[in-house]
Each structure stands twice: as structure tokens, then as C-alpha cells.
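The values are calculated or read from the model by the stated rules, or taken from the named source; none is laboratory data. None of the values given here were measured: they were computed from a predicted structure. No Cβ is skipped: glycine too gets one built from the backbone with ideal geometry, and neighbour counts run over all protein chains shown.
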Amino acid sequence: MAIVIKEFDGFRVEVNNEDNRGDIILSRPPLNVIQYSQRIQMAEAMKDLDKNENVRVIILRADGKNFSSGGNIEGFLKETPETLTMLAQNVMTPEKIRKPVIAAIQGYCFGVGLEFSLACDFRIVTKCAQLSLPEMKIGMIPGSGGSVRLARMIGLSRVKDMIMRGKRISGEESYNYGLASEVVEINELESATSNLVKELCLVSPLAQRAIKTVLNASQDAPLHVAIELEGETYGRLRSSSDFKEGVQSFVEKRKPVYTGK
């Protein structure tokens, strides 16, 4: 059973010890607008869940019909240019923490809502979802890493078509583009998320954390540097208890019991 750990203005944090999951739930319906201060608090909440030994997987989801329509646009006029150049620092938290992070998306997923999702490791979207970085329509561009991450996921031509036109794409389009890892009906979103959590909890948490680091770091590295990083990490895992358990369980034809060490 999920227990509410803390309530914030605009979101809450729940932990389900039995399922080894921690949820950050956007809760300012109907549009779940993300305030500037909320971005910082959400980043800190993710870091706290990353330290929680009872949590294996972190989920970013939302109450109501929509994931998020984006940020509080008027609020950005109150911030200094220097402050705004640092917007990407809190949004990149899902990819910087060790544990896998799933974004479960329904309805509108715009602006910073999409940017937070793009920094997650997995995105499950509903067929009725609409995804967009619409900043162009107010004379601005994405400022939290969204354009760069999206271009690396779906390609330069598609991201130009999407951002320069302020275009919305459907959940099915996002899956076909390679942005989403799974597309489901709206009534299947929670079950699909739960199934992915269970699947991620079956493997070695140590190896899982290691490959997340390798894959994210290699995005900024030349090919042979990335291959070297992968090899060094592979070598270090060779002496882990989880690897030994994985081999023994394979030989003995039983389910492994991993400890993350």
C-alpha cells in the first residue's frame, strides 16, 4: 500500500514499500501547471527517493486527465535572465540519479512537463496523450534541455518540425518516433507502469545503476571513449556479488536473489 510521505504545493510524494516504488505525483489539476519553485522541490524529492533503500524504481505521474500543461508562463517574467539560464539543472535530475525513473503520461504533456519526462529513463504514454514543446508560440524556445534531448531521441528533422511549429504529437506518434517506450489505452496506464516496475525490480540494482550511468555518459562521449567506459564498468561488475549470484542462479536454474552489492 502506498503511503504519502510528504505533500507539497503542486505535487505529493508516495512510497509503496511492498512494490519498492516511489511516486512523485503532480497534483494541481486540471492542468497540473508546474510553478518555478516546484521544479526545485521536485528535483529534491527525486534525490530523496534515490537515497531511500526501500525504493527501487521512481515514477513521475499526475492526477486527473492531464500530465502537465507546462510551467507558469507569467512567473518567468519575474525571474532574472541569470536565473533562467539555470532552468535545466533541476529538470535533469531524473537522469542524474542512480535509480530508473518512469514517466507515466496522459493527456497534455507540454513544456517543462515534457522536459522532465524526457530526462526520465522510460516514458509510457496513452494513445490520447498530446506532447509538445510549444514555447515558440509565446516568442520563446525550450529552456530546460528539451530541444536537445528530443533531437537526440527523434532526429533533427522531426524535432525542428515539432518545435519550430509549436506542434503537438499524439501518444502513438511519440511511440513511432521513438520518444515513448510504450503506448497504451488510458485505462491501462497504471497497470503498464506497475508491470514495468515489477520487471525492473527483477534484475540486479547494481548492474541497472551501472548501465544507466554508462548510457547517459556516453551520449556526450566519442565512440571509442564510450566503448572504453562500457568496458571499464563491465570489468568492475565482474567482482560484484550480484554478478556471482546471477551466474549461480543461471547454472542452478533458479530465480536470482540480488542484493545490489
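Those residues that are surrounded by 17 or more Cβ atoms within 10 Å (Cβ to Cβ) and either in contact with a His (Cβ under 6 Å, 6 or more places away or on another chain) or assigned to a helix (DSSP H, G or I) (or both), I need them from segment 175-189; list them, please.
If the condition is that a residue be surrounded by 17 or more Cβ atoms within 10 Å (Cβ to Cβ) and either in contact with a His (Cβ under 6 Å, 6 or more places away or on another chain) or assigned to a helix (DSSP H, G or I) (or both), then TYR175, TYR177, LEU189 are the ones that fit.
Specify which of the listed residues (ASP19, ASP50, ASP63) is modelled with pLDDT of 95 or more, among the acidic types (Asp, Glu) and touching a Lys or Arg at 6+ places or on another chain (Cβ under 7 Å).
Numbers: ASP19 fails: touching a Lys or Arg at 6+ places or on another chain (Cβ under 7 Å); ASP63 fails: touching a Lys or Arg at 6+ places or on another chain (Cβ under 7 Å).
ASP50 is the lone residue from the list that is modelled with pLDDT of 95 or more, among the acidic types (Asp, Glu) and touching a Lys or Arg at 6+ places or on another chain (Cβ under 7 Å).
Check whether at least one residue in segment 217-232 is at pLDDT below 95, polar (S, T, N, Q) and on the phi < 0 side of the Ramachandran plot, and report yes or no.
yes
Would you pick out the residues in segment 26-60 that are touching a strand residue (DSSP E or B) at 6+ places or on another chain (Cβ under 8 Å), under 22 Å from LYS198 (Cα atoms) and surrounded by fewer than 19 Cβ atoms within 10 Å (Cβ to Cβ)?
Once the filter is applied, which keeps residues that are touching a strand residue (DSSP E or B) at 6+ places or on another chain (Cβ under 8 Å), under 22 Å from LYS198 (Cα atoms) and surrounded by fewer than 19 Cβ atoms within 10 Å (Cβ to Cβ), segment 26-60 yields ASP48, ASP50, ASN52, ASN54.
On the basis of being closer than 22 Å to GLU53 by Cα, surrounded by 15 or more Cβ atoms within 10 Å (Cβ to Cβ), assigned by TED's automatic domain parsing to the domain that holds ILE97 and aliphatic (A, V, I, L, M), does LEU237 make the cut?
Against the criterion (closer than 22 Å to GLU53 by Cα, surrounded by 15 or more Cβ atoms within 10 Å (Cβ to Cβ), assigned by TED's automatic domain parsing to the domain that holds ILE97 and aliphatic (A, V, I, L, M)), LEU237 does not qualify.
Checking SER218 against (1) buried (at least 17 other Cβ atoms within 10 Å of the Cβ); (2) touching a Leu at 6+ places or on another chain (Cβ under 8 Å); (3) farther than 26 Å from ASN20 by Cβ, which single condition isn't satisfied?
The failed condition is (1).
Give segment 190-210 a look and list any residue that's in contact (Cβ under 8 Å) with a residue 40 or more places away in the chain and in a helix (DSSP H, G or I), or say none.
GLU190, ALA192, THR193, SER194, LEU196, VAL197, LYS198, LEU200, PRO205, LEU206, GLN208, ARG209, listed by residue number.
When residues of segment 1-16 are filtered for being within 20 Å of THR193 (Cα to Cα) and either surrounded by 17 or more Cβ atoms within 10 Å (Cβ to Cβ) or at pLDDT 95 or above (or both), how many remain?
Result for segment 1-16: 6.
Of everything in segment 211-229, what is closer than 23 Å to ASP50 by Cβ and either outside any loop (DSSP other than H, G, I, E, B) or among the polar types (S, T, N, Q) (or both)? Give them in sequence order.
ILE211, LYS212, THR213, VAL214, LEU215, ASN216, ALA217, SER218, GLN219, LEU229
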